[in-house]
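The values are calculated or read from the model by the stated rules, or taken from the named source; none is laboratory data. As the structure is a computational prediction, the values presented were derived from the model and not from experiment. Reconstructed Cβ throughout: ideal geometry from the backbone, glycine too, with neighbour counts over all protein chains shown.
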Amino acid sequence: MKFEELSLQELVEGITSQKFLSESVVKYFIEQCEKHSDLNAIIEVFDDAIAKAKALDEKIARCEKVGKLAGVPVAIKDIIACKGKKMTCASKFMKDYESPYSATIIKKLEAEDAIIFARTNMDEFAMGSSCENSCYGACKNSHDQTRVSGGSSGGSAVAVASGLCPVAIGTDTGGSVRQPSSFNGVVGIKPTYGSVSRFGIVAFASSTDQAGPITKTIEDNEFILSILAGKDANDGTSIENDFISSPTKEKYTIGICKQLTEKIKQLDTYPQFESAIHAFEKMGYDIVEVDVPHIADCLACYYILTPAEATSNLARFDGVKYTIRSEEAKSLEEVYVKSRSEGFGEEVKRRIMLGNFVLSSGYFDAYYKKAKKLQTLLKQEFAEAFKHCDTIITPTTPGEAFEIGGKIKDPVAMYLEDLFTVPASIAGIPALSIPYAKGKTGLPLGLQLMGAQKSEKTLYDIAKKFKQGGAQ
Ligand code: GLN
């Protein structure tokens, strides 16, 4: 049986009704991971996965109660702690690190009897838009191996798109779930800030980071998010988000951001975006122009705020704890300097330099403080805009997946990839990416739906109706 063609509900139903074994499902996906190892999406398959699946099958055979994800294999980004397993953040600095405890989201998935079975490739410490900044090498696009997978959760998106797992978890600081989802034709969400506990997840920018599921379908995505979401005593920034019970509507109002119109019109993919708008019109939805006056400043704001936070968050990686230590070091200071110089990759170093610059005494007011003010303003502007519409739509990315090596030497070109994804991150609002069209070379394109705080249910509902409404 081709298990990747089943929905999560069908998988769970098949396993719990003993139509097939969780062991067979896990083995099947492990085989797929091995068969498609050239994609470089999976870093490690956990050696206890089959034993865990067998134990679950026995539990089912004994008619014991099992969870909502009974026997479903889940792949996780290499930045999420899973007790006793390696977690390297795709950094050679962390190559020997083993997690002493599990992240809250791992516990939640395991409480529902999911089988955490593999670790996925990513950009080092989640910094990047192409999954090329990995100590394991680039992860390749599932549709064209000469193209990037997108980043930073490229491995997770490719794993789902290529049928290596039914669901994978990524993290999104400024687009890292949505952009690779868009590049590989799968569904990914960045939830409302705080909805998913970050306990046990290495965040490089704590004020925007959120974990989110990547799946083939919108229904599967909603199902997994409902399991991941919720307040956690171990994460002071977490919030209760009972989005599942919020009401849905027959007809929605779709917002187009006035300040992005010109930029979107200049894209090669504008015709596809325009046809998405027409599809909504045909469904009888109102299309309105809304103002988010500072939306275009988000990219600059993001690349000031998040390096500043990265500088501070990465200070603990010092050659003493977590990481490997330079063998050249002869003094404590050298332990710090040499270990960090040898351990971190180029992009991570670039962000640390940028972060220190914007936080330095002469520049703090001009950059960091100003960016913080802009963040507050943006939250207000979005809140105002959502009084007039249920969602604001944009393309998820400016174009199709680009060539491997195409932008890696040009950081600014790489950062521009995040133009449409960072606003939701800065404002802390939910944003969903769904596949909706193909680009010139036939690669998938994603449509982004942003919504007000805690409006995930609305976004999922609009996306489902959009798909049913005839969009491909
Ligand atoms: N591409 C963005 C960056 O490099 C987003 C990364 C992310 O969301 N983790 O910062």
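Phe204 fulfils the conditions (1) more than 9 Å from the ligand (Cβ to nearest atom); (2) in contact with a Phe, Trp or Tyr (Cβ under 6 Å, 6 or more places away or on another chain) except for a single criterion, (1).
Here's a check for you: in region 358-373, which residue that is aromatic (Phe, Trp, Tyr) and in contact (Cβ under 8 Å) with a residue 40 or more places away in the chain is farthest from Thr311 (Cα to Cα)? Applying the filter and picking the extreme gives Tyr367.
Taking region 92-133 as the range and being hydroxyl-bearing (Ser, Thr, Tyr), under 16 Å from the mean Cα position of the chain (by Cα) and not in a strand (DSSP E or B) as the test, the residues that pass are Ser129, Ser130. When the criteria are applied in full, Thr394 meets the requirement of being in contact with a Leu (Cβ under 7 Å, 6 or more places away or on another chain), modelled with pLDDT of 95 or more and not hydrophobic (A, V, I, L, M, F, W, C).
Restricting the search to region 381-413, which residues are more than 16 Å from the ligand (Cβ to nearest atom), of a type in the set (D, E, K, R) and touching a residue at least 60 places away in the same chain (Cβ under 8 Å)? Passing the criteria: Glu381, Glu384, Asp390, Glu400, Glu403. Any residue in region 370-392 that is surrounded by 16 or more Cβ atoms within 10 Å (Cβ to Cβ), aromatic (Phe, Trp, Tyr) and farther than 21 Å from Leu432 by Cβ? No, region 370-392 contains no residue that is surrounded by 16 or more Cβ atoms within 10 Å (Cβ to Cβ), aromatic (Phe, Trp, Tyr) and farther than 21 Å from Leu432 by Cβ. On inspection, Gln32 passes the criterion of being of a type outside the set (A, V, I, L, M, F, W, C) and over 18 Å from Val66 (Cβ atoms).
Selection of first residues in region 295-308 that are touching a residue at least 12 places away in the same chain (Cβ under 8 Å) and of a type outside the set (Phe, Trp, Tyr) and of second residues that are within 10 Å of the ligand (Cβ to nearest atom) and in a helix (DSSP H, G or I), restricted to Cβ pairs under 6 Å at least 6 apart or on distinct chains, gives the following pairs, ordered by first then second residue: Cys298/Val422; Leu299/Val422; Pro307/Arg351. Within region 119-138, residues that are on the phi < 0 side of the Ramachandran plot and within 13 Å of the ligand (Cβ to nearest atom) sit with their Cβ atoms under 9 Å from residues that are part of a loop (DSSP other than H, G, I, E, B) and basic (Lys, Arg), at 6+ positions apart or across chains, in these pairs: Ser129/Lys407; Ser130/Lys407; Glu132/Lys407.
Sub-7 Å Cβ pairs linking a first residue in region 259-280 that is under 20 Å from Lys464 (Cβ atoms) to a second residue that is part of a loop (DSSP other than H, G, I, E, B), at least 6 apart or interchain, are Ala276/Ala471; Ala279/Gly469; Ala279/Gly470; Ala279/Ala471, ordered by first then second residue. Among the residues that make up region 118-136, is at least one of them over 30 Å from Lys65 (Cα atoms), at pLDDT below 95 and not hydroxyl-bearing (Ser, Thr, Tyr)? No, region 118-136 has no match at all.
Residue count for region 175-200, restricted to those that are part of a loop (DSSP other than H, G, I, E, B) and more than 8 Å from the ligand (Cβ to nearest atom): 11. Are any residues in region 316-341 within 23 Å of Gly355 (Cβ to Cβ), in contact with a helix residue (DSSP H, G or I) (Cβ under 9 Å, 6 or more places away or on another chain) and aliphatic (A, V, I, L, M), and if so, which ones? Listed by number, the residues that qualify are Val320, Ile324. Name every residue in region 353-363 that is surrounded by 14 or more Cβ atoms within 10 Å (Cβ to Cβ) and either at pLDDT below 95 or aliphatic (A, V, I, L, M) (or both), in order of residue number. Answer for region 353-363, where residues must be surrounded by 14 or more Cβ atoms within 10 Å (Cβ to Cβ) and either at pLDDT below 95 or aliphatic (A, V, I, L, M) (or both): Leu354, Val358, Leu359, Tyr363. In this structure, Ala75 does not qualify as under 16 Å from the mean Cα position of the chain (by Cα) and farther than 30 Å from Ala233 by Cβ. Can you tell me which residue in region 414-453 is farthest from Ala385 (Cα to Cα), limited to those that are in a helix (DSSP H, G or I) and within 12 Å of the ligand (Cβ to nearest atom)? The qualifying residue farthest from Ala385 (Cα to Cα) is Met414. Mind checking whether some residue in region 24-32 is touching a Lys or Arg at 6+ places or on another chain (Cβ under 7 Å), modelled with pLDDT of 95 or more and assigned to a helix (DSSP H, G or I)? No; the residues of region 24-32 include none that is touching a Lys or Arg at 6+ places or on another chain (Cβ under 7 Å), modelled with pLDDT of 95 or more and assigned to a helix (DSSP H, G or I). Name the single residue, out of those in region 149-174 being in a loop (DSSP other than H, G, I, E, B) and within 16 Å of the ligand (Cβ to nearest atom), that is surrounded by the fewest Cβ atoms within 10 Å (Cβ to Cβ). Here the residue is Thr173.
Of all residues in region 207-219, those satisfying the criterion of being more than 11 Å from the ligand (Cβ to nearest atom), of a type outside the set (Ser, Thr, Tyr) and under 13 Å from the mean Cα position of the chain (by Cα) are Pro213, Ile214.
Rundown of residues vs (1) closer than 30 Å to Ile106 by Cα; (2) modelled with pLDDT of 95 or more; (3) out of contact with any Ser or Thr (no Cβ under 7 Å at 6 or more places or on another chain), yes/no style:
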residue: Phe204; (1), (2), (3): yes, no, no
residue: Glu222; (1), (2), (3): yes, yes, yes
residue: Leu225; (1), (2), (3): yes, yes, yes
residue: Asn241; (1), (2), (3): yes, no, no
residue: Ile254; (1), (2), (3): no, yes, no
residue: Lys258; (1), (2), (3): no, yes, yes
residue: Glu289; (1), (2), (3): no, yes, yes
